[in-house]
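Please read the structure below before turning to the comments.
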Amino acid sequence: MPSTNSRARYFGLNNIAIEASIKQIERIYAVDLGHASDSISQPDETYYPQFDAAIRLEAAGMAVQYRVFYCLENSIRALISGILQDLHGDEWWEKSIPSTVRDHAERTRQKEIESGMSVRSNDLIDYTTFGELGEIIKSNWSTFEDIFQNIKALEKVISTLNSLRGPIAHCKTLAEDEIVRLHLALKDWFRPMG
């Protein structure tokens, strides 16, 4: 019979092997099984403790709203690019994006390149603003009409979400009723999509 030390060591090694397998599954299948590194959800302890406790508390509360909006905005970009690429092929950006939006995205990307910082993306849609995403959908309404059904309702939802995005993007707190409004606007956004 193995000693207590050997059993403890086997137990530890077995757990390490299981955790490595779970992480591999998460990576391969792009799923979150709850074994992500704690550094993702934990702030940098080098500088974080130096900030006022009230500000740290506000940041923790707003992190949830930021995550929601991050997912929303990037899922809208994926929806737009996926549908328009299926319809127009690799030239979807040139064929279906309004010239004002294209020009703005290209200027923004060029400024980023000239700054010497890492380029955020090779896809110009990642340089569009939230409001411009709404303009892209509206300018391609015949393509998106089956998804959103009513252009006035879409404009209202985009406008509400864009107003709520401001405080989130500029590091200010949302009042409790604005958090409720955000969740209602998200329901309004997803409702037409079934």
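The values are calculated or read from the model by the stated rules, or taken from the named source; none is laboratory data. Note that the structure is predicted; figures quoted are calculated from it, not measured. Every residue, glycine among them, receives a Cβ derived from its backbone with ideal geometry; neighbour counts consider all protein chains shown.
Considering every residue within the range 182-194, establish whether at least one is outside any helix (DSSP H, G or I) and either in contact (Cβ under 8 Å) with a residue 24 or more places away in the chain or surrounded by 12 or more Cβ atoms within 10 Å (Cβ to Cβ) (or both). No, the range 182-194 contains no residue that is outside any helix (DSSP H, G or I) and either in contact (Cβ under 8 Å) with a residue 24 or more places away in the chain or surrounded by 12 or more Cβ atoms within 10 Å (Cβ to Cβ) (or both). Note on the range 128-169: enclosed helices (runs of 4 or more DSSP H) holding 1 or more residues that are in contact with a His (Cβ under 8 Å, 6 or more places away or on another chain) are 130-139.
Table: residues versus (1) β-branched (Val, Ile, Thr); (2) in contact (Cβ under 8 Å) with a residue 40 or more places away in the chain; (3) not in a helix (DSSP H, G or I).
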residue	(1), (2), (3)
Gly82	no, no, no
Leu87	no, yes, no
Lys95	no, no, no
Asp103	no, no, no
Lys111	no, no, no
Arg120	no, no, yes
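Condition first: surrounded by fewer than 13 Cβ atoms within 10 Å (Cβ to Cβ) and of a type in the set (A, V, I, L, M, F, W, C). Now tell me which residues in the range 65-82 satisfy that. Across the range 65-82, the qualifying residues are Cys71, Ala78. If the condition is being among the hydroxyl-bearing types (Ser, Thr, Tyr) and closer than 24 Å to Val157 by Cβ, then the range 72-115 contributes Ser75, Ser81, Ser96, Thr100. Against the numbered list (1) surrounded by 12 or more Cβ atoms within 10 Å (Cβ to Cβ); (2) at pLDDT below 85; (3) within 17 Å of the chain's Cα centre (by Cα), His35 comes up short only at (3).
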